[in-house]
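Trainee: The following block contains the structure, expressed as C-alpha coordinates.
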Amino acid sequence: MNAPSVGFVPVEATMTLVAPVSYLVAQGVTIPPSGYVLATPWRPVAGATGARVDSAVLTVDPVTAGSGRDLGVVTPAKNPTTSITVTPPDPRVPTRGLTIPSLRSAPDGEALPLSADLHLVVQQAGSPVVAVPPLPGDHYLPAQLTGGDISGSLLTLPDLLGPLTVTVGAGRTLDELTSLSFAHGDVRLAAAPMPVGLHVIGPDGDEQLAVPGPLRSTLTHDLAPALQRHLAAAVTAPAPGTAPVTLRSDAAGNALVRLDVTGFVIERTVEGRPSVESEGLPTSVPRPGVAPGRAPTRTRADVTVTHHGAALHPSSDPVPTADADVGGVAVHDAPVTRRIAAATLAGEQLVRVAVVGWPHGETDLALGVAGANLTAPALPGADGRGAPAVVWFALPAPVAVDGPVEVTLRATRGTFRWFDPPGGSGPAVRVAVASSPVGTAVVVGGVRVDLTGPTTTLTGLSLAGTDGWDVATDQLCTVALSNAVMEFAP
(Lines give C-alpha, C1' and ligand atoms only; values in the text may rest on other atoms or scores of the structure.)
Protein backbone atom coordinates (compact mmCIF):
# COMPACT_ATOMS: atom_id res chain seq x y z
CA MET A 1 0.00 0.00 0.00
CA ASN A 2 1.45 3.33 -1.04
CA ALA A 3 0.46 6.96 -0.54
CA PRO A 4 1.31 10.18 -2.44
CA SER A 5 4.75 11.54 -1.65
CA VAL A 6 3.68 15.17 -1.36
CA GLY A 7 1.81 16.97 1.37
CA PHE A 8 2.93 14.74 4.27
CA VAL A 9 2.21 16.11 7.73
CA PRO A 10 3.64 14.25 10.75
CA VAL A 11 0.77 13.04 12.94
CA GLU A 12 0.54 11.58 16.40
CA ALA A 13 -0.03 7.83 16.55
CA THR A 14 -3.50 7.00 17.81
CA MET A 15 -4.58 4.02 19.88
CA THR A 16 -7.80 2.07 19.67
CA LEU A 17 -8.28 -0.56 22.34
CA VAL A 18 -10.19 -3.68 21.41
CA ALA A 19 -9.28 -5.88 24.32
CA PRO A 20 -7.02 -7.67 24.26
CA VAL A 21 -5.69 -6.03 21.05
CA SER A 22 -4.43 -2.47 20.65
CA TYR A 23 -3.50 -0.81 17.38
CA LEU A 24 -1.13 2.10 17.00
CA VAL A 25 -1.40 3.49 13.49
CA ALA A 26 0.32 6.48 11.90
CA GLN A 27 -0.42 6.98 8.21
CA GLY A 28 1.82 8.96 5.87
CA VAL A 29 4.41 10.07 8.39
CA THR A 30 7.93 11.31 7.88
CA ILE A 31 10.57 9.24 9.69
CA PRO A 32 13.46 11.65 10.40
CA PRO A 33 16.95 11.05 11.81
CA SER A 34 15.71 12.48 15.12
CA GLY A 35 13.13 9.70 15.34
CA TYR A 36 9.41 9.09 15.08
CA VAL A 37 7.85 7.65 18.26
CA LEU A 38 5.07 5.08 18.53
CA ALA A 39 3.89 4.90 22.13
CA THR A 40 2.02 2.04 23.78
CA PRO A 41 0.30 3.83 26.68
CA TRP A 42 -0.76 2.08 29.87
CA ARG A 43 -2.51 3.09 33.07
CA PRO A 44 -1.29 2.08 36.54
CA VAL A 45 -2.74 -0.75 38.60
CA ALA A 46 -2.09 -0.75 42.34
CA GLY A 47 -0.15 -3.87 43.26
CA ALA A 48 0.69 -4.77 39.64
CA THR A 49 3.32 -7.50 39.44
CA GLY A 50 4.07 -7.58 35.71
CA ALA A 51 2.68 -7.55 32.19
CA ARG A 52 2.19 -9.89 29.24
CA VAL A 53 2.43 -9.12 25.52
CA ASP A 54 1.48 -11.92 23.14
CA SER A 55 2.67 -10.16 19.99
CA ALA A 56 3.63 -6.67 18.84
CA VAL A 57 4.04 -6.57 15.08
CA LEU A 58 5.56 -3.43 13.61
CA THR A 59 4.74 -2.81 9.94
CA VAL A 60 6.56 -0.13 7.95
CA ASP A 61 5.26 0.30 4.40
CA PRO A 62 7.59 2.73 2.62
CA VAL A 63 6.17 5.28 0.21
CA THR A 64 7.79 4.44 -3.13
CA ALA A 65 5.49 6.19 -5.63
CA GLY A 66 5.23 9.85 -6.58
CA SER A 67 7.58 12.59 -7.68
CA GLY A 68 9.65 12.57 -4.48
CA ARG A 69 10.62 15.14 -1.85
CA ASP A 70 11.90 18.57 -3.00
CA LEU A 71 15.36 19.20 -1.53
CA GLY A 72 15.75 22.63 -3.12
CA VAL A 73 18.20 24.14 -5.63
CA VAL A 74 21.28 22.00 -6.28
CA THR A 75 22.69 23.77 -9.36
CA PRO A 76 22.30 27.49 -10.14
CA ALA A 77 21.16 28.80 -13.52
CA LYS A 78 23.75 29.00 -16.30
CA ASN A 79 23.85 30.57 -19.76
CA PRO A 80 25.58 29.10 -21.67
CA THR A 81 26.85 25.69 -20.50
CA THR A 82 27.49 22.25 -21.89
CA SER A 83 26.49 20.29 -18.74
CA ILE A 84 24.64 20.43 -15.45
CA THR A 85 26.57 18.96 -12.52
CA VAL A 86 24.31 17.71 -9.71
CA THR A 87 25.67 16.72 -6.29
CA PRO A 88 22.84 15.35 -4.10
CA PRO A 89 22.79 16.72 -0.53
CA ASP A 90 22.97 13.13 0.78
CA PRO A 91 24.65 10.57 -1.52
CA ARG A 92 22.76 7.73 0.22
CA VAL A 93 19.39 9.05 -0.95
CA PRO A 94 18.35 8.20 -4.52
CA THR A 95 17.51 11.05 -6.87
CA ARG A 96 13.93 10.67 -8.12
CA GLY A 97 13.85 13.75 -10.36
CA LEU A 98 15.33 17.06 -11.44
CA THR A 99 13.36 20.20 -12.24
CA ILE A 100 15.24 22.04 -15.02
CA PRO A 101 13.37 25.25 -15.86
CA SER A 102 13.99 27.49 -18.87
CA LEU A 103 15.86 24.81 -20.80
CA ARG A 104 16.83 26.34 -24.16
CA SER A 105 19.56 26.37 -26.76
CA ALA A 106 22.51 28.76 -26.42
CA PRO A 107 23.29 31.33 -27.49
CA ASP A 108 20.10 31.83 -29.57
CA GLY A 109 17.73 30.96 -26.66
CA GLU A 110 15.36 28.82 -28.69
CA ALA A 111 13.36 25.94 -27.17
CA LEU A 112 14.96 22.51 -27.37
CA PRO A 113 12.58 20.14 -29.17
CA LEU A 114 13.59 16.80 -27.64
CA SER A 115 13.14 14.01 -30.14
CA ALA A 116 14.68 10.80 -31.47
CA ASP A 117 17.56 13.01 -32.62
CA LEU A 118 17.87 15.29 -29.54
CA HIS A 119 18.10 13.99 -25.96
CA LEU A 120 18.75 14.96 -22.40
CA VAL A 121 21.52 12.55 -21.38
CA VAL A 122 22.27 11.71 -17.72
CA GLN A 123 25.76 10.43 -16.94
CA GLN A 124 27.35 8.92 -13.85
CA ALA A 125 31.11 8.43 -13.54
CA GLY A 126 31.47 9.53 -17.16
CA SER A 127 29.08 6.92 -18.58
CA PRO A 128 25.58 7.60 -19.95
CA VAL A 129 22.88 5.87 -17.86
CA VAL A 130 19.61 7.53 -18.95
CA ALA A 131 18.49 9.39 -22.07
CA VAL A 132 15.20 11.22 -22.51
CA PRO A 133 13.81 10.32 -24.94
CA PRO A 134 15.73 7.00 -24.90
CA LEU A 135 17.99 6.27 -27.83
CA PRO A 136 15.74 4.68 -30.43
CA GLY A 137 15.93 1.01 -31.34
CA ASP A 138 17.14 0.00 -34.76
CA HIS A 139 15.95 -3.26 -36.32
CA TYR A 140 16.97 -5.89 -33.73
CA LEU A 141 18.60 -3.35 -31.42
CA PRO A 142 16.18 -2.30 -28.57
CA ALA A 143 15.93 1.22 -27.25
CA GLN A 144 18.87 2.19 -25.04
CA LEU A 145 19.32 4.31 -21.88
CA THR A 146 15.68 3.83 -20.88
CA GLY A 147 14.03 4.58 -17.53
CA GLY A 148 13.69 8.34 -17.68
CA ASP A 149 10.80 10.62 -18.55
CA ILE A 150 10.13 14.33 -18.86
CA SER A 151 6.97 16.34 -18.27
CA GLY A 152 7.30 20.08 -18.67
CA SER A 153 10.48 20.96 -16.80
CA LEU A 154 10.45 17.86 -14.55
CA LEU A 155 12.96 15.16 -15.51
CA THR A 156 12.04 11.89 -13.74
CA LEU A 157 14.87 9.41 -13.13
CA PRO A 158 14.97 5.76 -12.02
CA ASP A 159 16.19 6.54 -8.46
CA LEU A 160 19.86 7.12 -9.22
CA LEU A 161 22.41 7.19 -6.39
CA GLY A 162 25.32 9.61 -6.31
CA PRO A 163 26.44 12.61 -8.42
CA LEU A 164 24.87 13.19 -11.84
CA THR A 165 25.80 15.09 -14.98
CA VAL A 166 23.12 16.20 -17.45
CA THR A 167 23.97 17.12 -21.03
CA VAL A 168 22.06 17.80 -24.24
CA GLY A 169 23.13 15.34 -26.93
CA ALA A 170 22.30 15.13 -30.62
CA GLY A 171 22.28 11.78 -32.40
CA ARG A 172 20.51 8.44 -32.58
CA THR A 173 23.22 6.13 -31.18
CA LEU A 174 25.81 6.32 -28.43
CA ASP A 175 28.57 6.72 -30.99
CA GLU A 176 26.74 9.58 -32.72
CA LEU A 177 25.91 11.63 -29.62
CA THR A 178 27.30 15.14 -29.86
CA SER A 179 27.13 17.50 -26.88
CA LEU A 180 25.39 20.83 -27.51
CA SER A 181 25.53 24.14 -25.69
CA PHE A 182 22.39 25.12 -23.77
CA ALA A 183 21.04 27.36 -20.97
CA HIS A 184 18.85 26.60 -17.94
CA GLY A 185 17.36 28.10 -14.79
CA ASP A 186 17.98 27.00 -11.17
CA VAL A 187 17.91 23.20 -10.98
CA ARG A 188 15.97 21.63 -8.08
CA LEU A 189 16.39 18.04 -6.89
CA ALA A 190 13.59 15.69 -5.78
CA ALA A 191 14.74 12.77 -3.60
CA ALA A 192 13.06 9.37 -3.60
CA PRO A 193 10.46 9.43 -0.79
CA MET A 194 11.26 6.21 1.12
CA PRO A 195 13.30 6.07 4.36
CA VAL A 196 17.02 5.38 3.95
CA GLY A 197 18.78 3.41 6.69
CA LEU A 198 15.88 2.50 9.02
CA HIS A 199 16.55 1.77 12.70
CA VAL A 200 13.98 0.42 15.20
CA ILE A 201 14.73 1.34 18.82
CA GLY A 202 12.93 -0.52 21.61
CA PRO A 203 11.43 1.12 24.72
CA ASP A 204 14.61 0.39 26.71
CA GLY A 205 16.76 2.20 24.14
CA ASP A 206 18.28 -0.90 22.52
CA GLU A 207 18.27 -1.30 18.73
CA GLN A 208 15.88 -4.02 17.66
CA LEU A 209 16.37 -3.85 13.89
CA ALA A 210 18.51 -2.01 11.34
CA VAL A 211 17.88 -1.97 7.57
CA PRO A 212 20.61 -0.27 5.51
CA GLY A 213 19.94 1.54 2.26
CA PRO A 214 16.59 2.71 0.90
CA LEU A 215 13.60 0.76 2.23
CA ARG A 216 11.79 -0.35 -0.92
CA SER A 217 9.39 -3.04 0.36
CA THR A 218 7.13 -3.58 3.37
CA LEU A 219 8.97 -4.45 6.57
CA THR A 220 7.46 -6.39 9.50
CA HIS A 221 9.08 -7.16 12.84
CA ASP A 222 7.73 -8.62 16.10
CA LEU A 223 8.59 -6.34 19.02
CA ALA A 224 6.82 -8.51 21.62
CA PRO A 225 10.03 -9.58 23.45
CA ALA A 226 11.20 -5.97 23.79
CA LEU A 227 7.81 -4.68 24.93
CA GLN A 228 7.32 -7.65 27.29
CA ARG A 229 10.69 -7.03 28.93
CA HIS A 230 10.08 -3.30 29.33
CA LEU A 231 6.47 -3.46 30.47
CA ALA A 232 7.00 -6.30 32.96
CA ALA A 233 9.11 -3.88 35.01
CA ALA A 234 7.46 -0.58 34.07
CA VAL A 235 3.86 -1.38 35.06
CA THR A 236 4.83 -1.94 38.70
CA ALA A 237 5.34 1.84 38.98
CA PRO A 238 2.50 3.97 40.43
CA ALA A 239 2.52 6.43 37.50
CA PRO A 240 1.33 5.75 33.94
CA GLY A 241 3.75 5.20 31.07
CA THR A 242 3.99 4.85 27.30
CA ALA A 243 6.56 2.12 26.33
CA PRO A 244 7.87 4.15 23.34
CA VAL A 245 9.16 2.47 20.19
CA THR A 246 11.27 4.86 18.10
CA LEU A 247 11.80 4.66 14.33
CA ARG A 248 14.84 6.50 12.98
CA SER A 249 16.00 6.96 9.42
CA ASP A 250 19.55 7.92 8.43
CA ALA A 251 17.89 10.13 5.82
CA ALA A 252 14.29 11.26 6.26
CA GLY A 253 11.68 9.30 4.37
CA ASN A 254 7.93 8.76 4.25
CA ALA A 255 6.09 5.59 5.21
CA LEU A 256 2.85 4.20 6.52
CA VAL A 257 3.51 2.82 10.00
CA ARG A 258 1.45 0.39 12.07
CA LEU A 259 2.10 -1.29 15.43
CA ASP A 260 -0.36 -4.10 16.27
CA VAL A 261 -0.10 -5.02 19.95
CA THR A 262 -1.99 -8.22 20.73
CA GLY A 263 -2.70 -9.65 24.16
CA PHE A 264 -1.19 -6.78 26.16
CA VAL A 265 -2.42 -7.06 29.74
CA ILE A 266 -1.16 -5.76 33.05
CA GLU A 267 -0.98 -8.58 35.57
CA ARG A 268 -1.41 -8.66 39.31
CA THR A 269 -0.61 -11.94 41.03
CA VAL A 270 -3.06 -12.69 43.84
CA GLU A 271 -1.30 -13.42 47.09
CA GLY A 272 -1.88 -16.69 48.92
CA ARG A 273 -4.91 -18.92 48.48
CA PRO A 274 -8.01 -16.81 49.17
CA SER A 275 -11.14 -18.76 50.10
CA VAL A 276 -14.67 -18.40 51.39
CA GLU A 277 -17.23 -20.62 53.09
CA SER A 278 -20.50 -20.79 51.16
CA GLU A 279 -23.57 -21.56 53.28
CA GLY A 280 -26.34 -21.03 50.75
CA LEU A 281 -26.25 -17.23 50.58
CA PRO A 282 -24.53 -15.27 47.80
CA THR A 283 -20.99 -14.52 48.92
CA SER A 284 -17.59 -13.87 47.40
CA VAL A 285 -13.99 -14.95 47.68
CA PRO A 286 -12.28 -11.88 49.18
CA ARG A 287 -9.53 -10.16 47.23
CA PRO A 288 -6.36 -9.88 49.32
CA GLY A 289 -4.14 -6.80 49.29
CA VAL A 290 -4.81 -3.22 48.28
CA ALA A 291 -7.61 -2.31 45.87
CA PRO A 292 -6.23 -2.27 42.30
CA GLY A 293 -7.97 1.00 41.45
CA ARG A 294 -9.91 -0.32 38.45
CA ALA A 295 -11.64 -3.47 37.32
CA PRO A 296 -9.74 -6.26 35.56
CA THR A 297 -10.80 -7.75 32.26
CA ARG A 298 -10.60 -11.18 33.89
CA THR A 299 -8.84 -13.28 36.52
CA ARG A 300 -7.03 -16.47 35.53
CA ALA A 301 -7.14 -18.93 38.41
CA ASP A 302 -7.36 -22.54 39.52
CA VAL A 303 -10.60 -23.07 41.47
CA THR A 304 -11.01 -25.75 44.14
CA VAL A 305 -14.43 -26.51 45.63
CA THR A 306 -14.50 -28.64 48.77
CA HIS A 307 -18.00 -29.98 49.39
CA HIS A 308 -19.19 -30.37 52.99
CA GLY A 309 -21.76 -33.07 52.31
CA ALA A 310 -24.73 -30.77 52.71
CA ALA A 311 -26.99 -28.42 50.77
CA LEU A 312 -29.41 -25.69 51.75
CA HIS A 313 -32.97 -27.03 51.83
CA PRO A 314 -35.36 -25.02 49.62
CA SER A 315 -37.73 -24.52 52.57
CA SER A 316 -35.16 -22.31 54.29
CA ASP A 317 -36.40 -18.82 55.13
CA PRO A 318 -34.92 -15.83 53.24
CA VAL A 319 -32.45 -13.48 54.89
CA PRO A 320 -33.20 -9.73 54.68
CA THR A 321 -30.37 -7.49 53.55
CA ALA A 322 -31.11 -4.93 56.28
CA ASP A 323 -33.41 -4.40 59.24
CA ALA A 324 -35.88 -2.01 57.55
CA ASP A 325 -38.19 -2.23 60.58
CA VAL A 326 -38.88 -5.93 60.12
CA GLY A 327 -40.33 -7.76 63.08
CA GLY A 328 -38.67 -10.20 65.40
CA VAL A 329 -39.04 -12.17 68.62
CA ALA A 330 -36.87 -11.09 71.55
CA VAL A 331 -35.16 -14.23 72.84
CA HIS A 332 -33.87 -14.22 76.43
CA ASP A 333 -33.40 -17.18 78.73
CA ALA A 334 -36.99 -18.34 78.11
CA PRO A 335 -37.05 -20.77 75.13
CA VAL A 336 -38.69 -19.77 71.85
CA THR A 337 -39.63 -22.60 69.47
CA ARG A 338 -40.07 -22.80 65.72
CA ARG A 339 -41.85 -25.93 64.50
CA ILE A 340 -41.18 -27.37 61.04
CA ALA A 341 -43.92 -29.61 59.66
CA ALA A 342 -43.08 -33.28 59.09
CA ALA A 343 -43.79 -33.11 55.36
CA THR A 344 -41.28 -30.29 54.84
CA LEU A 345 -38.18 -32.39 55.55
CA ALA A 346 -39.60 -35.88 55.07
CA GLY A 347 -36.95 -38.33 53.89
CA GLU A 348 -34.09 -35.89 54.44
CA GLN A 349 -31.11 -36.14 56.78
CA LEU A 350 -30.75 -33.02 58.89
CA VAL A 351 -27.15 -31.79 59.12
CA ARG A 352 -27.24 -28.15 60.22
CA VAL A 353 -29.73 -25.52 61.40
CA ALA A 354 -29.33 -21.74 61.43
CA VAL A 355 -31.30 -19.00 63.14
CA VAL A 356 -31.54 -15.49 61.63
CA GLY A 357 -31.51 -12.32 63.74
CA TRP A 358 -29.64 -9.62 65.62
CA PRO A 359 -27.69 -10.12 68.89
CA HIS A 360 -28.00 -7.21 71.31
CA GLY A 361 -24.77 -6.97 73.22
CA GLU A 362 -22.42 -9.94 73.32
CA THR A 363 -24.71 -12.96 73.30
CA ASP A 364 -24.54 -16.72 73.97
CA LEU A 365 -27.16 -18.90 72.28
CA ALA A 366 -28.32 -22.44 73.07
CA LEU A 367 -30.34 -24.39 70.50
CA GLY A 368 -32.12 -27.69 70.84
CA VAL A 369 -33.04 -29.71 67.75
CA ALA A 370 -33.52 -33.42 66.99
CA GLY A 371 -32.40 -34.39 70.49
CA ALA A 372 -29.15 -32.41 70.30
CA ASN A 373 -28.22 -29.46 72.49
CA LEU A 374 -25.96 -27.04 70.61
CA THR A 375 -24.36 -23.72 71.54
CA ALA A 376 -23.06 -20.59 69.80
CA PRO A 377 -21.08 -18.47 72.29
CA ALA A 378 -19.84 -14.89 72.23
CA LEU A 379 -21.84 -13.56 69.29
CA PRO A 380 -20.87 -9.88 68.79
CA GLY A 381 -23.63 -7.35 69.31
CA ALA A 382 -25.29 -5.65 66.34
CA ASP A 383 -27.02 -2.27 66.04
CA GLY A 384 -30.15 -3.91 64.67
CA ARG A 385 -30.18 -1.82 61.53
CA GLY A 386 -27.86 -3.81 59.27
CA ALA A 387 -28.25 -7.26 57.77
CA PRO A 388 -29.01 -9.91 60.37
CA ALA A 389 -26.60 -12.59 61.46
CA VAL A 390 -27.10 -16.14 60.23
CA VAL A 391 -25.97 -18.33 63.14
CA TRP A 392 -25.36 -21.96 62.18
CA PHE A 393 -25.46 -24.96 64.52
CA ALA A 394 -23.98 -28.26 63.29
CA LEU A 395 -25.44 -31.53 64.49
CA PRO A 396 -22.92 -34.11 65.71
CA ALA A 397 -24.14 -36.50 63.00
CA PRO A 398 -26.83 -36.41 60.30
CA VAL A 399 -30.32 -37.13 61.68
CA ALA A 400 -32.97 -38.81 59.56
CA VAL A 401 -36.20 -36.81 59.68
CA ASP A 402 -39.29 -38.95 60.29
CA GLY A 403 -41.64 -36.36 61.78
CA PRO A 404 -42.00 -32.70 62.74
CA VAL A 405 -38.81 -30.88 63.71
CA GLU A 406 -38.80 -28.43 66.59
CA VAL A 407 -36.08 -25.79 66.82
CA THR A 408 -35.84 -24.30 70.33
CA LEU A 409 -33.67 -21.25 70.97
CA ARG A 410 -32.55 -19.59 74.23
CA ALA A 411 -30.16 -16.72 74.95
CA THR A 412 -28.12 -17.72 78.01
CA ARG A 413 -26.41 -14.35 77.89
CA GLY A 414 -27.51 -11.16 76.19
CA THR A 415 -30.58 -10.88 73.92
CA PHE A 416 -31.27 -12.14 70.41
CA ARG A 417 -33.97 -10.62 68.19
CA TRP A 418 -35.03 -13.62 66.16
CA PHE A 419 -36.25 -12.43 62.74
CA ASP A 420 -39.93 -13.28 62.18
CA PRO A 421 -40.87 -12.72 58.51
CA PRO A 422 -44.34 -11.25 57.94
CA GLY A 423 -46.74 -13.93 56.79
CA GLY A 424 -44.26 -16.69 57.66
CA SER A 425 -44.74 -19.70 59.82
CA GLY A 426 -42.56 -18.48 62.66
CA PRO A 427 -39.05 -17.17 63.41
CA ALA A 428 -36.67 -17.63 60.50
CA VAL A 429 -34.57 -20.77 60.25
CA ARG A 430 -32.35 -22.10 57.53
CA VAL A 431 -31.85 -25.82 57.17
CA ALA A 432 -29.02 -27.82 55.59
CA VAL A 433 -29.58 -31.46 54.67
CA ALA A 434 -27.21 -34.19 53.55
CA SER A 435 -26.30 -33.92 49.87
CA SER A 436 -23.98 -35.62 47.41
CA PRO A 437 -21.79 -33.21 45.39
CA VAL A 438 -22.12 -35.19 42.16
CA GLY A 439 -24.53 -33.47 39.80
CA THR A 440 -24.42 -30.15 41.65
CA ALA A 441 -22.62 -26.95 40.71
CA VAL A 442 -21.09 -23.76 42.09
CA VAL A 443 -20.86 -20.52 40.10
CA VAL A 444 -17.57 -18.74 40.82
CA GLY A 445 -16.81 -15.40 39.22
CA GLY A 446 -19.48 -16.03 36.59
CA VAL A 447 -18.12 -19.49 35.70
CA ARG A 448 -20.06 -22.68 36.42
CA VAL A 449 -18.06 -25.38 38.20
CA ASP A 450 -19.74 -28.79 38.00
CA LEU A 451 -18.82 -30.82 41.06
CA THR A 452 -17.50 -34.33 40.55
CA GLY A 453 -16.78 -35.38 44.12
CA PRO A 454 -15.91 -34.17 47.62
CA THR A 455 -13.13 -32.05 46.08
CA THR A 456 -13.31 -30.59 42.58
CA THR A 457 -10.46 -28.60 41.01
CA LEU A 458 -10.55 -26.83 37.65
CA THR A 459 -7.40 -25.11 36.36
CA GLY A 460 -6.94 -21.99 34.26
CA LEU A 461 -10.48 -20.62 34.54
CA SER A 462 -11.26 -17.08 33.36
CA LEU A 463 -13.17 -15.41 36.17
CA ALA A 464 -14.73 -11.99 36.54
CA GLY A 465 -14.32 -9.84 39.63
CA THR A 466 -11.89 -7.48 41.31
CA ASP A 467 -12.97 -6.80 44.90
CA GLY A 468 -14.04 -10.40 45.37
CA TRP A 469 -15.09 -13.25 43.11
CA ASP A 470 -18.83 -13.85 43.45
CA VAL A 471 -19.93 -17.30 44.59
CA ALA A 472 -23.50 -18.61 44.16
CA THR A 473 -24.74 -22.11 45.06
CA ASP A 474 -27.16 -23.94 47.35
CA GLN A 475 -24.34 -26.30 48.36
CA LEU A 476 -22.42 -25.91 51.60
CA CYS A 477 -18.80 -25.82 50.54
CA THR A 478 -15.46 -24.04 50.62
CA VAL A 479 -14.34 -22.22 47.48
CA ALA A 480 -10.64 -21.43 47.14
CA LEU A 481 -8.54 -19.80 44.40
CA SER A 482 -4.92 -20.65 43.69
CA ASN A 483 -2.37 -19.48 41.12
CA ALA A 484 -4.69 -16.51 40.56
CA VAL A 485 -3.61 -13.63 38.33
CA MET A 486 -5.80 -10.60 37.66
CA GLU A 487 -5.44 -9.15 34.15
CA PHE A 488 -6.09 -5.49 33.36
CA ALA A 489 -6.45 -3.71 30.05
CA PRO A 490 -3.61 -1.23 29.46
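The values are calculated or read from the model by the stated rules, or taken from the named source; none is laboratory data. Worth saying up front: this structure is predicted, and the values here are computed from it rather than measured. So basically every Cβ, Gly included, is an ideal-geometry build from the backbone, and we count neighbours across all protein chains shown. For the accessible areas, the whole protein counts, side chains as well, though only heavy atoms, and no ligand, DNA or RNA atoms are used. Shrake-Rupley method; radii C 1.70, N 1.55, O 1.52, S 1.80 Å.
Trainee: Can you tell which of V369, V356 is in contact with an Asp or Glu (Cβ under 9 Å, 6 or more places away or on another chain), closer than 16 Å to V429 by Cα and touching a residue at least 60 places away in the same chain (Cβ under 8 Å)? It would help to see each step written out before you state the result.
Mentor: Working: V369 fails: touching a residue at least 60 places away in the same chain (Cβ under 8 Å).
So the residue among V369, V356 that is in contact with an Asp or Glu (Cβ under 9 Å, 6 or more places away or on another chain), closer than 16 Å to V429 by Cα and touching a residue at least 60 places away in the same chain (Cβ under 8 Å) is V356.
Trainee: Out of all the residues in the range 262-269, is one or more farther than 30 Å from S462 by Cβ and part of a strand (DSSP E or B)?
Mentor: Checked the range 262-269: no residue is farther than 30 Å from S462 by Cβ and part of a strand (DSSP E or B).
Trainee: Of all residues in the range 210-235 being open to solvent by 50 Å² or more (accessible area, probe 1.4 Å) and not in a strand (DSSP E or B), which is farthest from V196 (Cα to Cα)?
Mentor: A233
Trainee: List the residue pairs whose Cβ atoms are under 6 Å apart, where the first residue sits in the range 176-196 and is under 23 Å from D108 (Cβ atoms) and at pLDDT 95 or above, the second is acidic (D, E) and surrounded by 24 or more Cβ atoms within 10 Å (Cβ to Cβ), and the two are 6 or more positions apart or on different chains.
Mentor: Within 6 Å, no pair qualifies.
Trainee: Any idea how many residues of the range 159-174 are in a strand (DSSP E or B) and either within 23 Å of R216 (Cα to Cα) or among the hydrophobic types (A, V, I, L, M, F, W, C) (or both)? Can you show your working first?
Mentor: To start, the set of residues in the range 159-174 that are in a strand (DSSP E or B) comprises 159-160, 164-170.
This time we only want the ones that are either within 23 Å of R216 (Cα to Cα) or among the hydrophobic types (A, V, I, L, M, F, W, C) (or both), so: 159-160, 164, 166, 168, 170.
Final tally of qualifying residues: 6.
Trainee: For the range 153-201, which residues satisfy the criterion of being aromatic (F, W, Y) and farther than 19 Å from T85 by Cα?
Mentor: Passing the criteria: none in range.
Trainee: Ok, one more. Listed residues L395, L481; which is outside any loop (DSSP other than H, G, I, E, B), over 30 Å from L365 (Cα atoms) and modelled with pLDDT of 95 or more?
Mentor: Sole residue among the options that is outside any loop (DSSP other than H, G, I, E, B), over 30 Å from L365 (Cα atoms) and modelled with pLDDT of 95 or more: L481.
Trainee: Only one of (1) touching a residue at least 40 places away in the same chain (Cβ under 8 Å); (2) more than 30 Å from W392 (Cα to Cα) is not met by D206, so which one is it?
Mentor: In the conditions (1) touching a residue at least 40 places away in the same chain (Cβ under 8 Å); (2) more than 30 Å from W392 (Cα to Cα), D206 misses (1) alone.
Trainee: While we're looking at this one, here's another question. Quick one: which strands (runs of 3 or more DSSP E) sit completely within the range 93-158 and have at least 1 residues that are surrounded by fewer than 17 Cβ atoms within 10 Å (Cβ to Cβ)?
Mentor: Details: elements: 95-99, 118-124, 127-132, 149-151.
Because the criterion is at least 1 residues that are surrounded by fewer than 17 Cβ atoms within 10 Å (Cβ to Cβ), the strands (runs of 3 or more DSSP E) in the range 93-158 that meet it are 118-124, 127-132, 149-151.
Trainee: With respect to P89, determine if the residue is under 59 Å from the mean Cα position of the chain (by Cα), open to solvent by 30 Å² or more (accessible area, probe 1.4 Å) and not aliphatic (A, V, I, L, M).
Mentor: Answer is yes for this residue.
Trainee: Another question, if that's okay. Name the single residue that is farthest from H308 (Cα to Cα) among those in the range 457-490 being among the hydroxyl-bearing types (S, T, Y) and surrounded by fewer than 22 Cβ atoms within 10 Å (Cβ to Cβ). Steps first, answer last, please.
Mentor: The initial filter retains those residues of the range 457-490 that are among the hydroxyl-bearing types (S, T, Y), namely 457, 459, 462, 466, 473, 478, 482.
Then drop every residue that is not surrounded by fewer than 22 Cβ atoms within 10 Å (Cβ to Cβ), which leaves 457, 459, 462, 466, 478, 482.
Values: T457: 15, T459: 21, S462: 25, T466: 27, T478: 8, S482: 20 Å.
Step by step, filter the range 457-490, then rank; the result is T466.
Trainee: Follow-up. Do you know which residues across the range 283-296 are assigned to a loop (DSSP other than H, G, I, E, B) and on the phi < 0 side of the Ramachandran plot?
Mentor: Let us first name the residues in the range 283-296 that are assigned to a loop (DSSP other than H, G, I, E, B), namely 286-296.
Scanning the range 283-296 gives P286, R287, P288, V290, A291, P292, R294, A295, P296.
Trainee: Inside the range 347-361, can you point out the residues that are at pLDDT 95 or above and surrounded by fewer than 16 Cβ atoms within 10 Å (Cβ to Cβ)?
Mentor: none
Trainee: Now a separate question. Please enumerate the residues belonging to the range 217-247 that are within 19 Å of P32 (Cβ to Cβ) and not polar (S, T, N, Q).
Mentor: Just the residues of the range 217-247 that are within 19 Å of P32 (Cβ to Cβ), to begin with: 219, 244-247.
Matches in the range 217-247: L219, P244, V245, L247.
Trainee: Are there strands (runs of 3 or more DSSP E) fully within the range 297-361 with at least 1 residues that are within 54 Å of the chain's Cα centre (by Cα) and among the hydroxyl-bearing types (S, T, Y)? List them. Show your work before the answer.
Mentor: Details: elements: 298-312, 328-331, 336-340.
Here the list reads 298-312.
Trainee: May I pose another question? Residues in the range 396-438 that are more than 13 Å from V331 (Cβ to Cβ) and among the acidic types (D, E): how many?
Mentor: 2
Trainee: Ok, one more. Which is open to solvent by 50 Å² or more (accessible area, probe 1.4 Å), more than 16 Å from the chain's Cα centre (by Cα) and modelled with pLDDT of 95 or more, of P286, P282, P240? Reasoning before the result, please.
Mentor: Details: P282 fails: modelled with pLDDT of 95 or more; P240 fails: more than 16 Å from the chain's Cα centre (by Cα).
Exactly one residue qualifies, and that residue is P286.
Trainee: All but one of (1) within 25 Å of the chain's Cα centre (by Cα); (2) open to solvent by less than 40 Å² (accessible area, probe 1.4 Å); (3) of a type in the set (D, E, K, R) hold for E271; state the number of the condition that does not hold.
Mentor: With (1) within 25 Å of the chain's Cα centre (by Cα); (2) open to solvent by less than 40 Å² (accessible area, probe 1.4 Å); (3) of a type in the set (D, E, K, R) applied to E271, the lone miss is (2).
Trainee: Considering each residue of the range 33-56, count those that are in a loop (DSSP other than H, G, I, E, B) and within 23 Å of A239 (Cα to Cα), and give that number.
Mentor: So the answer is 11.
Trainee: Restricting the search to the range 292-324, which residues are closer than 21 Å to V479 by Cα and among the aliphatic types (A, V, I, L, M)?
Mentor: Passing the criteria: A301, V303, V305, A310, A311, L312.
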